[in-house]
1. Restricting attention to segment 468-495, which residues are farther than 21 Å from F277 by Cα, modelled with pLDDT of 85 or more and not small (G, A, S)?
2. Select from segment 123-144 the residues that are open to solvent by less than 20 Å² (accessible area, probe 1.4 Å) and in a helix (DSSP H, G or I) and list them in ascending order.
3. Out of all the residues in segment 358-385, which are over 16 Å from G313 (Cα atoms) and touching a Gly at 6+ places or on another chain (Cβ under 7 Å)?
4. Conditions first: (1) open to solvent by 10 Å² or more (accessible area, probe 1.4 Å); (2) at pLDDT 85 or above. F329 passes all but one, so which condition is the exception?
5. Considering only residues that are under 25 Å from F494 (Cβ atoms) and aliphatic (A, V, I, L, M), which ones fall in segment 137-191?
6. Would you tally the residues in segment 76-122 being within 22 Å of the chain's Cα centre (by Cα) and either assigned to a helix (DSSP H, G or I) or among the β-branched types (V, I, T) (or both)?
7. Do we find that L335 is closer than 30 Å to H495 by Cβ, in a helix (DSSP H, G or I) and open to solvent by 10 Å² or more (accessible area, probe 1.4 Å) in this structure?
8. Can you tell me which residue is nearest to P162 (Cα to Cα) among those in segment 364-393 that are hydroxyl-bearing (S, T, Y) and assigned to a helix (DSSP H, G or I)?
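The values are calculated or read from the model by the stated rules, or taken from the named source; none is laboratory data. Since this is a predicted model, take the numbers as computed values, not measurements. Here the Cβ positions follow ideal geometry from the backbone for every residue, glycine too, while neighbour counts run over all protein chains shown. Note: areas computed on protein heavy atoms with side chains; ligands, DNA, RNA excluded. Shrake-Rupley method; radii C 1.70, N 1.55, O 1.52, S 1.80 Å.
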Amino acid sequence: MSDTSQSYNDAGAALEKRSLDDGSSEHGVAKADAHHDGRSGAATAKLWTKLDLIVLPVVTMMYFLSSLDRSNIGNARIAGLQKELHMTDYQYSLALTVTLIPYTIVEIPSNYLMMVVGPRILLPTMVLLWGIICTLQGVVTSYSGLIACRFFLGLVEGGLLPGITFYLASFYPRRLLQLRVSVMFSATSLASAFSGLLAAAIIHMEGVGGRHGWAWVFILEGLFTVLFGVACFFLLPNTPEQALGLSAEEKKIIIQALHDDGLHSDDEKETRNWTQFGKTFIQPHTILLAIAGFFSGATLSGLAYFLPSIVVGLGYSGSTAQLMSVPPFAVAAALSIITAVFADRYGHRGLTLVFFSILATIGFAIFLGSFVNHTRYGSLFLLVPGTYCIGPPLGTWIANNSAPLIRRGASLALLTTMTNLGSILSTWLLGSLSPAPRYTSATITLLVFQIGILLCSVATLGYLSSENKRKERAKSSTVERESEGTMPNESVWFHYVL
């Protein structure tokens, strides 16, 4: 194994070392922030901001381009793709499904592969390959050619979301993670908004080079992704220790904060323990959040792929329809980051999920109950932010409460796998099973799914709270804290984040 891969495992495993004070990650982070090496809390906060400037722009742009290149087919559809390739609604849904099947299958093995080769190799390779495939969509002349491109797009892009979340969870203590994940995940909302703006401009290239406007949407966006993928090989650090622009002292402080927030093990075999891997799939809180991920994925992908078509059904057309899909996504991006600041400050993930699931429920209820197009468009400002803002706390919550390292990687991959299974459902639910412009069956189903997310969140809060209380009682009869090896999250010294 390469030194960079080993270093990545060590940095990731460092997340598992618990603070000796009281087993709470929050105390561990505070201790590192305020006292380590004599630095003030303000100085250490500046250090985390410095790390943000090194890491977050790269991974956020990666996810932005992933979202843009995967969902721009929705913009191409209303710009003439479906008509040009003589597709029925059934065939359009099939093209989306063909993307999501390999996308779902590769997520768990992809996270394991990243532990082997390191993120600096795997993540940029994904970006480069899907950029090439996205570009090729612009030169297809048949439905079968589009199907082939969509399959390989899903195959090479599928591991990105669990990979990036796993990557960030290896750079930041648990208390600081949701804001960073929210910044990264806001790229989804921004991509959906920017996709409409960009498509509205690009479709005016109709006839340039003998190609349709929808073809140029794929070509230009894909070529930019290719260029950025090449740059990522040089921009993305494997671990905090390899981050350019940090002094040796700053790297030491970051690694110490990670140590104070988890259990570090230099034994590579412990980070690859297959028994621990298997236990991921029988943890009650992991199962509940994975189910919530299924519900969230169905809603999120449905809006990503079909919101431009939904807006058309509300009476808008052409470039106006592209532009009117932008504002709800912009609101979602801003709200996600604002709520993440408070969630990190007070250490609450579950309450964030409860809030946004209720917000989305209200939005879908209005969309279902109203027959006035302006009112139904207004409901998008509730259901789109409610839907898109669920992803960051969901991913952060499952990462915060999964240990050791191999469980964290597996749980994040499981979550995104379930999310994409929900996405497969949405391609049919909104594509051909529920006709426009009312989308009645789809709206009812997605409304029920928001209630399902709410129930899963409340149940997870109840379970984790009871487990924390049980662990506090058990500590009094525990002679000493585990000192070696990777600490599993069921240890009495592991405090669950609520």
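1. N468, K469, R470, K471, E472, R473
2. Hits for segment 123-144 are L123, P124, M126, V127, W130, G131, C134, Q137.
3. Correct list: L359, A360, G363, L382, L383.
4. (1)
5. If the condition is that a residue be under 25 Å from F494 (Cβ atoms) and aliphatic (A, V, I, L, M), then I164, L168, A169, L176, L177, L179, V181 are the ones that fit.
6. 26
7. Details: closer than 30 Å to H495 by Cβ: yes; in a helix (DSSP H, G or I): yes; open to solvent by 10 Å² or more (accessible area, probe 1.4 Å): yes.
Considered against the rule, which asks whether it is closer than 30 Å to H495 by Cβ, in a helix (DSSP H, G or I) and open to solvent by 10 Å² or more (accessible area, probe 1.4 Å), L335 comes out as yes.
8. Y388
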